[in-house]
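Here is the structure we will look at.
Where a number appears in this text, it was derived from the coordinates with a stated rule and is not lab data. All values derive from a computational prediction rather than experimental measurement. Counting neighbours? That spans all protein chains shown, and the Cβs are built from the backbone with ideal geometry, glycine included.
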Amino acid sequence: MYRQADVVYLYDSSWQGFLCCVFEAFFRREEPFVICPARGFSPTLYESRFIDTDPEKADRVDRSIDEKLGPRARELVSLAFLNGSEGKELALLRFLRFAYPRGRRAPWFLGSEAVAPVLALEKAVTGEAHLLKGFLRFQEYDGLLAARITPKHYVLPLLRGHFCSRFPEENFLICDVTHRAVLLYRDHAASYLELEGEFQLPPVGEEEARLQRAWKRFYETLTIQARENPRCRMTHCPKRYWENMTELQHLV
Amino acid sequence: MELEEKLAILADSAKYDVACTSSGSDRGGQAGSIGNCQAPGCCHTFTADGRCVSLLKVLYTNICAYDCRYCVNRRSNDLPRAAFTPRELADLTIQFYRRNYIEGLFLSSAVLVSPDYTMEQMISALTLLREEYRFRGYIHAKAIPGSSPELVRRLGLLADRLSVNIELPSEASLGLLAPDKSRAAILRPMGQIAASATQNRQELALYRHAPRFAPAGQSTQMIVGATPESDRQILHLTQGLYRKYSLKRVFFSAYIPVVEDSRLPALYTPPPLLREHRLYQADWMLRYYHFSAEEILDEDCPNFDPYMDPKCHWALRHFDRFPVDVNRAGEEELLRVPGIGPRSARRILIARKNGALGLPELKRIGVVLKRAQYFLCCRGYSGSRSPRRELVARALLDPEAFNEGCEQLSLFSAPQVQQLAGQGVAPRLAGLQVKEEAVKCIARQM
């Protein structure tokens with residue numbers, strides 16, 4: 001059995017760091033009040049404890065996921081960890097605590113209190129990645145395609161495969177402003193970079209501006225006035241994506 | 001003419017085509033080419049009327065030799081006209097695609113000179129796109145009724161999805177409104193496409209590099225509300241099309257009056273959007289819920305209930321078949337419960353292997369208990385034995401039909417609500433009033 005502990009776990013917000021928090025919680029047989037990244041943490045009334053990232057401990061937990069819980073649990077946990085909402089760590093810890101005694105069947109307890117929240121975390125991530133595959137907009141600068149996105153979740157790893165397969169002969173970069181990360185695809189190779197300082201897309205050239213005008217014109221032409229339904233548009237294409245979409249920017 | 005101008009003219013003429021799906025083809029990228037396809041499809045933006053844009057939907061030309069009464073591009077309509085060249089179209093598609101504006105191209109056309117001539121133009125544009133630009137993205141092409149089978153075959157080898165519009169739900173209506181088109185000329189290419197697809201599947205089984213014929217299948221579209229067919233007739237036709245021609249989708253388009261004509265609804269008649277919505281709901285029941293058209297609508301009630309979706313309506317008429325035991329029922333039975341969809345049905349089947357499910361589990365799985373609670377039983381809940389009829393009716397009524405949560409009159413509200421609002425009652429009040437009446441009426445019927 002584990003006990004409810006009045007303690008806050010702080011970690012370095014990396015996957016390995018999180019695994020060490022899991023190790024700590026299992027080792028001490030306790031469930032912390034909350035687990036959160038050390039950066040940007042403001043002290044609370046609860047005692048806080050910084051959990052050092054120890055590659056050896058992290059590796060032990062990491063391997064146990066594959067060995068004891070199987071591929072679906074691995075996929076579920078790694079996708080859910082990309083979620084940007086607060087409290088994901090605790091949901092994941094509860095899932096793992098539920099999962100180890102049950103083994104490979106664990107992810108299929110779809111209605112369970114421990115599993116459903118993690119499924120929801122995963123769905124939010126894959127859902128946003130799917131939307132961005134459509135809503136992301138490139139602008140061309142002398143043969144380089146550049147895009148700016150502001151997603152809630154860290155979806156770059158999920159966009160990588162899609163866009164690299166789609167544009168094998170192009171050079172492009174996708175800049176995730178929220179998580180300060182850049183995906184760069186150049187000369188048939190993709191890499192991640194860290195973003196430093198502010199990022200705004202520079203103004204575009206003549207030819208690019210002409211194409212953007214044509215696209216906006218096309219977009220506006222498609223609307224059938226007799227069926228206008230702005231609420232329906234907002235349901236399908238939430239407003240938070242508009243600021244980065246060529247045809248909707250001016251409406252924000 | 002400036003390209004932007006041309007694009008606007010040809011997009012304006014194409015916008016009444018409903019289909020804009022990019023689903024059904026799965027094709028990875030390849031070095032030296034551009035583009036891929038993902039099976040679920042992908043929406044790239046949404047217009048102000050809430051419709052998805054995933055393809056560059058344009059006509060090759062809107063210069064038409066035909067004079068169909070319901071169509072904006074008919075010969076006798078005074079309209080700016082334009083035509084693309086194959087190079088212009090291919091180039092524009094690639095430029096839009098590179099910027100991730102679109103998932104591919106939807107190419108349709110008015111009948112320029114003759115059906116065969118038009119098809120040849122379309123084929124040359126698509127050949128350029130596929131071969132010279134090495135485009136591997138999605139292409140939806142519309143076969144022109146009356147063109148030769150050889151051209152349809154060539155088009156199918158270039159496109160992912162083909163479609164032939166059936167236009168109107170009956171031969172009589174077609175004769176009245178589209179004198180240049182005949183039912184046979186529409187159904188022949190459809191039959192050919194279905195046969196070629198079957199043959200292609202056999203070829204692919206023998207030799208996996210065989211050229212693929214329209215891998216995403218075919219679809220069609222018909223106009224609803226321009227002619228007097230009942231919902232039942234339309235739904236039977238739809239089911240027939242799915243069974244006989246193995247279509248992937250049938251689209252419905254609420255008729256928007258574009259011309260003053262004694263044979264058509266008057267100008268400024270609001271488009272029957274609620275009816276279109278109900279038809280799509282029934283279409284979903286055919287494709288994903290194992291219903292047949294005969295079960296959904298019969299001769300006694302040939303039209304949909306405006307206040308309730310067809311699945312709830314069916315459940316109310318067959319109240320004796322419920323409650324369904326969630327922990328024992330098969331998938332088909334589960335799918336008949338209002339509030340359980342294909343996804344939650346599948347999840348229930350998986351989850352119950354690990355222990356009996358109760359109400360909290362069902363809620364977490366995603367079942368809509370507001371509706372489902374009257375139709376199921378599970379662990380710790382033996383179903384509501386004698387539910388108050390009014391409560392059931394209230395739970396099942398479709399809020400959209402009553403303008404709920406909306407001060408302005410919604411285009412989707414029921415005809416009764418629109419009528420009351422037309423007489424000067426505030427839309428919200430009109431909705432409430434009609435809803436109370438509907439609740440009582442349904443409670444009496446049960």
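Which of the lysines could be linked to B:Lys6 by a straight reach, that is with a Cα gap under 22 Å, when you skip same-chain ones fewer than 8 residues away?
Of all the lysines, those that pass the test against B:Lys6 - Cα under 22 Å, at least 8 places apart if same chain - are A:Lys216, B:Lys15, B:Lys57, B:Lys142.
Cα axis of helix B:183-206 to longest principal axis of chain B: angle in degrees, 0 to 90, nearest 10?
Tilt of helix B:183-206: around 90 degrees.
With θ set to phi - 60°, apply the Karplus curve 6.51 cos²θ - 1.76 cosθ + 1.60 along the stretch A:200-207 and write out the HN-Hα couplings as whole Hz, x wherever there is a Gly or Pro.
Using θ = phi - 60°, the values come out as 10, 5, x, x, 9, x, 4, 4 Hz.
Remind me, what semi-axes does the stretch A:24-100 give for its equivalent ellipsoid, largest first in whole Å, using sqrt of 5 times each Cα gyration tensor eigenvalue? Intermediate values should be presented prior to the final figure.
Working: eigenvalues 104, 44, 30 Å².
Largest first, the stretch A:24-100 gives 23, 15, 12 Å.
To the nearest 10 degrees, how steeply does helix B:427-445 sit against the main Cα axis of chain B, on a 0 to 90 scale?
Helix B:427-445 and the main axis of chain B meet at about 60 degrees.
Any idea how far apart B:Arg317 and A:Arg74 come out in nm if each label point goes 7 Å out from Cα toward Cβ?
With each label placed 7 Å out from Cα toward Cβ, I get 5.2 nm.
Between A:Arg97 and B:Glu295, what is the spin-label point distance in nm, taking each point 7 Å from the Cα along the Cα→C-beta axis?
4.5
Could you tell me how many degrees, from 0 to 90 and to the nearest 10, lie between the Cα long axis of helix A:116-135 and the main elongation axis, the longest principal axis, of the Cα atoms of chain A?
Roughly 20 degrees between the two axes.
Roughly how large, in nm² to one decimal, is the mean projection of the convex hull of the alpha-carbon atoms in the stretch B:206-350? Let's see the in-between values first.
Details: hull surface 52.0 nm².
For the stretch B:206-350, the mean projected area of the Cα convex hull comes to 13.0 nm².
Toward the positive end of the charge dipole of chain B, about the Cα centre and with charges on Cβ (Lys, Arg +1; Asp, Glu -1), which of B:Ser23, B:Phe96, B:Leu177 goes farthest?
Positive-most Cα among the choices belongs to B:Ser23.
Full extension from B:Asn303 to B:Glu4: what is 0.36 nm times the residue separation minus their Cα-Cα distance, to one decimal in nm?
103.2 nm
Along each of its three principal axes, how wide is the spread of alpha-carbon positions in the stretch B:313-367, in whole angstrom units, largest first?
That gives 33, 18, 17 Å along the principal axes, largest extent first.
Each residue of the stretch B:226-233 in turn: what ³J(HN,Hα) in whole Hz from Karplus with 6.51, -1.76, 1.60 and θ = phi - 60°, glycine and Pro shown as x?
For the stretch B:226-233, the Karplus-derived couplings read 8, 10, x, 5, 7, 4, 5, 4 Hz, x marking Gly and Pro.
Please list, in order along the stretch B:142-153, the HN-Hα scalar couplings obtained from phi with the Karplus expression 6.51 cos²θ - 1.76 cosθ + 1.60 (θ = phi - 60°), rounded to whole Hz, x for Gly and Pro.
Whole-Hz 3J(HN,Hα) from phi for the stretch B:142-153: 9, 6, 7, x, x, 8, 6, x, 4, 5, 4, 5.
Once you have the alpha carbon radius of gyration of chain B, what is it after dividing by 2.2 N^0.38 Å, with N set to its residue count?
1.08
Starting from the Kirkwood Rh over alpha-carbon pairs, what translational D in µm² s⁻¹ does the stretch B:1-127 have by Stokes-Einstein at 4 °C and 1.567 mPa s?
83
Could you tell me which trypsin sites (Lys or Arg not before Pro) in the stretch B:221-286 are loop residues by DSSP with no more than 15 other beta carbons within 10 angstrom of their beta carbon?
Within the stretch B:221-286, the qualifying trypsin sites (Lys or Arg not before Pro) (loop, at most 15 other Cβ atoms within 10 Å) are B:Arg263.
Enter the per residue convex hull volume of the protein assembly as shown, computed from alpha-carbon coordinates, in Å³ rounded to the nearest integer.
With only Cα atoms used, the protein assembly as shown gives 197 Å³ per residue.
Can you list the residues, at least 5 places off or on another chain, whose amide H is less than 5 Å from the amide H of B:Phe106, using H built in the peptide plane?
B:Leu56, B:Lys57, B:Val58, B:His140
Placing one identical point scatterer on every Cα of chain A and ignoring solvent, what is log10 I(q)/I(0) from the Debye formula at q = 0.09, 0.11 Å⁻¹?
-0.52, -0.74
Less than 14 Å Cβ to Cβ from A:Pro168, Lys/Arg counted +1 and Asp/Glu -1: what total charge do the surrounding residues give? Show your work: numbers first, answer last.
Values: positive: A:Arg160, A:Arg166, A:Arg186, B:Arg27, B:Arg98, B:Arg134, B:Arg136; negative: A:Glu169, A:Glu170, A:Asp187.
Neighbour charge sum, excluding A:Pro168 itself: +4.
For the stretch A:136-202, what value does the Rg/Rh ratio take when both radii are computed over Cα atoms and Rh is the Kirkwood radius, given to two decimals?
Numbers: Rg = 11.1 Å, Rh = 12.0 Å.
Result for the stretch A:136-202 is an Rg/Rh of 0.92.
Per residue, how big is the convex hull of the stretch A:205-252 when only Cα atoms are used? Give it in Å³.
Each residue corresponds to 77 Å³ of Cα convex hull volume.
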